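The values are calculated or read from the model by the stated rules, or taken from the named source; none is laboratory data. Quick caveat: nothing in here was measured; it's all calculated off a predicted structure. Please note: Cβ atoms are built from the backbone with ideal geometry, for glycine as well, and neighbour counts cover all protein chains shown. We work out accessible area using only protein heavy atoms, side chains counted, and drop any ligands, DNA or RNA first. Shrake-Rupley method; radii C 1.70, N 1.55, O 1.52, S 1.80 Å.
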Amino acid sequence: GVDIRRIFGALWADVRSGRIKEGASTITQQLIKLTHLSPEKTISRKLQEALLALKLEKMYTKDEILEMYLNCVYFGHGAYGVEAASMVYFGKSASGLTLDEGAMLAGVLKSPSNYAPHIDPEAAVNRRNLVLSLMVRYGHITAAEEEEAAKKPLALAPEAETLPSQGYFVNYAVEEACGILNMDRDEIMTSGFRIYTTMDSRIQRLAEEAASDGSLFPENAADGTKVQGAIVVLDAKTGGIAAILGGRDQDAHGLNRAVQMQRQPGSAIKPVMVFAPALEYGNY
């Protein structure tokens, strides 16, 4: 349950980099971290994790530990646990997964924000095929089974084809949390945090509905490219962000035009540069 060689290797890498960036966690240690400890990166917490992992190994079998881990780990798309992930991505119970679907979910675990099939289908398929090749290497399936499963196209449940609503807002909030806590996205999403935001779901919905209404925009370009749009709505009373829409394509993990593009301010600068001086100095 504890890989001593890997831990010392990670410790040496941390010393060389001057910060704690590698964890060297086994599945047993990850289960302990998910269920018993905070996500803080300190040597004392790492020692706690290792000691509790050793105790857990004495109490349960490897299969039992793996089952507990798969029932609480984050698979992306808001799904915690393999049963929830199976329902979200494939619309069926985990007991009904095919070989290629099971390999897909196993591949997602390394980094849901990079390998979840609704975010990057190509990366998810490549990761799935890597899992299948490892299953052959370790004798779990035959080469013929691997070849057949690797040929299957990605087939997600209809609900999994699109990101959840409020995707742009939620992603912006998570990215801000990553910066504040100095953690990566997967750590934030798997550490049990509750993030409270100022989103007004009604305004967010109205913004998304407006963006999806083609009659409000010029026609697409000759090659089919959409005319884009973006908006940030602020609550004038609190200064909080009520809604964010970064584009009309609903790819909330792509370019967020509302917050990532550097643009000329246009008429938005008039209150500062024109109206305020006119009121203060021009007797208007």
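Quick test for you: out of K46, K110, K58, pick the one residue that is of a type in the set (D, E, K, R), closer than 23 Å to V174 by Cβ and either out of contact with any Asp or Glu (no Cβ under 7 Å at 6 or more places or on another chain) or assigned to a helix (DSSP H, G or I) (or both).
Working: K46 fails: closer than 23 Å to V174 by Cβ; K58 fails: closer than 23 Å to V174 by Cβ.
Going through K46, K110, K58 in turn, just one is of a type in the set (D, E, K, R), closer than 23 Å to V174 by Cβ and either out of contact with any Asp or Glu (no Cβ under 7 Å at 6 or more places or on another chain) or assigned to a helix (DSSP H, G or I) (or both): K110.
Which one is farthest from the chain's Cα centre (by Cα), of the residues in segment 132-147 that are in a helix (DSSP H, G or I) and in contact (Cβ under 8 Å) with a residue 24 or more places away in the chain?
The initial filter retains those residues of segment 132-147 that are in a helix (DSSP H, G or I), namely 132-137, 143-147.
Keeping just the survivors that are in contact (Cβ under 8 Å) with a residue 24 or more places away in the chain gives 132, 135, 145.
Working: L132: 23, M135: 26, E145: 31 Å.
Filtering first and then ranking leaves E145.
Residues being closer than 25 Å to G214 by Cβ and under 31 Å from the mean Cα position of the chain (by Cα): count how many of those fall in segment 228-277. Give the steps one after another, and end with the answer.
So in segment 228-277, the residues closer than 25 Å to G214 by Cβ come out as 228-233, 242-261, 263, 266.
If we keep only those that are under 31 Å from the mean Cα position of the chain (by Cα) too, we end up with 228-233, 242-261, 263.
Adding up the residues that qualify gives 27.
Give the residues of segment 225-249 that are assigned to a loop (DSSP other than H, G, I, E, B) and surrounded by fewer than 17 Cβ atoms within 10 Å (Cβ to Cβ), sorted by residue number.
The initial filter retains those residues of segment 225-249 that are assigned to a loop (DSSP other than H, G, I, E, B), namely 225-230, 235-240, 246-249.
Result: T225, K226, V227, Q228, G229, D235, A236, K237, T238, G239, G240, D249.
Could you tell me whether any residue of segment 100-120 is touching a residue at least 12 places away in the same chain (Cβ under 8 Å), exposed (fewer than 15 other Cβ atoms within 10 Å of the Cβ) and within 23 Å of M189 (Cβ to Cβ)?
The answer is yes, given that some residue of segment 100-120 is touching a residue at least 12 places away in the same chain (Cβ under 8 Å), exposed (fewer than 15 other Cβ atoms within 10 Å of the Cβ) and within 23 Å of M189 (Cβ to Cβ).
Please determine whether any residue of segment 48-58 is modelled with pLDDT of 85 or more, open to solvent by 40 Å² or more (accessible area, probe 1.4 Å) and under 20 Å from T190 (Cα atoms). I'd like the intermediate steps shown before the answer.
To start, the set of residues in segment 48-58 that are modelled with pLDDT of 85 or more comprises 48-58.
Restricting the remaining residues to those that are open to solvent by 40 Å² or more (accessible area, probe 1.4 Å) gives 48, 51-52, 54-55, 57-58.
Those still in the list that are under 20 Å from T190 (Cα atoms) too: 48, 52.
Checking segment 48-58: at least one residue is modelled with pLDDT of 85 or more, open to solvent by 40 Å² or more (accessible area, probe 1.4 Å) and under 20 Å from T190 (Cα atoms).
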